Amino acid sequence: MEKKRLSTTGEVNKVYDDINKYVDEYIEDWKIKPSNLHKYFSDSKKVDSFLKKYKIDDIHNIKRVLHDVIEDRKHLEHDGIMKFESFSKLNEDLGKIKVPASDVNHERVLADLYNTSIGHINTINSADHYYDIKDFGKEISVVIYSEKDVESFKESLLPILIAETLSTNIDLHKVNVGLQSGKEVKCGLSVDLKGLISEDKLKESLAAKLPTEKVLPIIHSFINDYDILRSGKNYAYKQEYKGHHIWELKDKKAG
């Protein structure tokens, strides 16, 4: 049976919301650690059973979503922070990631790079910077970001990172106080970072850690996670050209 592909961002968001809820329910009901749940779901039959239980096994790439959510839970368990590079959940209401729409300048760069005319550059979605290049029987799908677009992405990313950081709770349930036995002492404490860290200082620190070469892999993840449920597309970074960064759809057949 052909799997259902989601057509809108709202549908994608709902699936991620549902998966997060189902995983949290599973962890709570069975009192299982995310790391153990990760091991449990290494068995594909158990994954299939979980998806069928919640009647979501008919969605294209749903196993990828489940894997991403459990990876995030495991990361939280081990480090106490959410993976900043994970953009599986898109929240339109908060308007989290904002990048100016692409325009004719992006088309000109693509026409020059692929040695064709603007007439062969088809805009698929200017808001998301998606284009198709059709020339002499070949079809290439690309995503293009200018340096300004990358900077805009970074600026809209920073508030997300700040919010995630300030919502972090540091678990001090056990600490190492230098005992010769190497055992940790139970303290039963936790520290909420909100109110303890200056948002301005945090923003300054995070911004310094996000030069272009660090932002590009995040955009790469964002582009591919955005499409994983809707179309299953996989874009690979091609190159930087005239101050623009281009990702090209892999395994796109000519015709």
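Counted residue by residue at 0.36 nm each, then reduced by the alpha carbon distance between them, the extension gain from residue 190 to residue 64 reaches 42.1 nm.
Stokes-Einstein diffusion of region 90-255 at 37 °C, 0.692 mPa s viscosity, Kirkwood radius from Cα pairs, rounded to a whole number: 174 µm²/s. The alpha-carbon of residue 183 sits under 14 angstrom from the alpha-carbon of none of the aspartates and glutamates, leaving out residues fewer than 8 places away in its chain. Using a cut-off of 22 Å between Cα atoms, the listed pairs 21/63; 21/201; 134/238 include 21/201 as exceeding that distance.
In region 1-79, how does Rg compare with the Kirkwood Rh, expressed as the Rg/Rh ratio over alpha carbon atoms?
Here the Rg-to-Rh quotient is 0.97.
With the cut-off at under 19 Å, measuring from each backbone N in region 5-36 to a point 7 Å along the Cα-to-Cβ line of residue 125 picks out 5-17. The alpha carbons of region 105-154 stretch over 37, 18, 13 Å along the principal axes, in descending order. In terms of packing, defined here as the mean over residues of other Cβ atoms within 10 angstrom, the peptides 26-34, 101-109 line up highest first as 101-109, 26-34.
Every number here is computed from the coordinates shown, using simple stated rules; none is lab data. Quick caveat, the model's predicted, so the values are computed rather than measured. For neighbour counting, all protein chains shown are included, and Cβ atoms are generated from backbone atoms with ideal geometry for every residue, glycine included.
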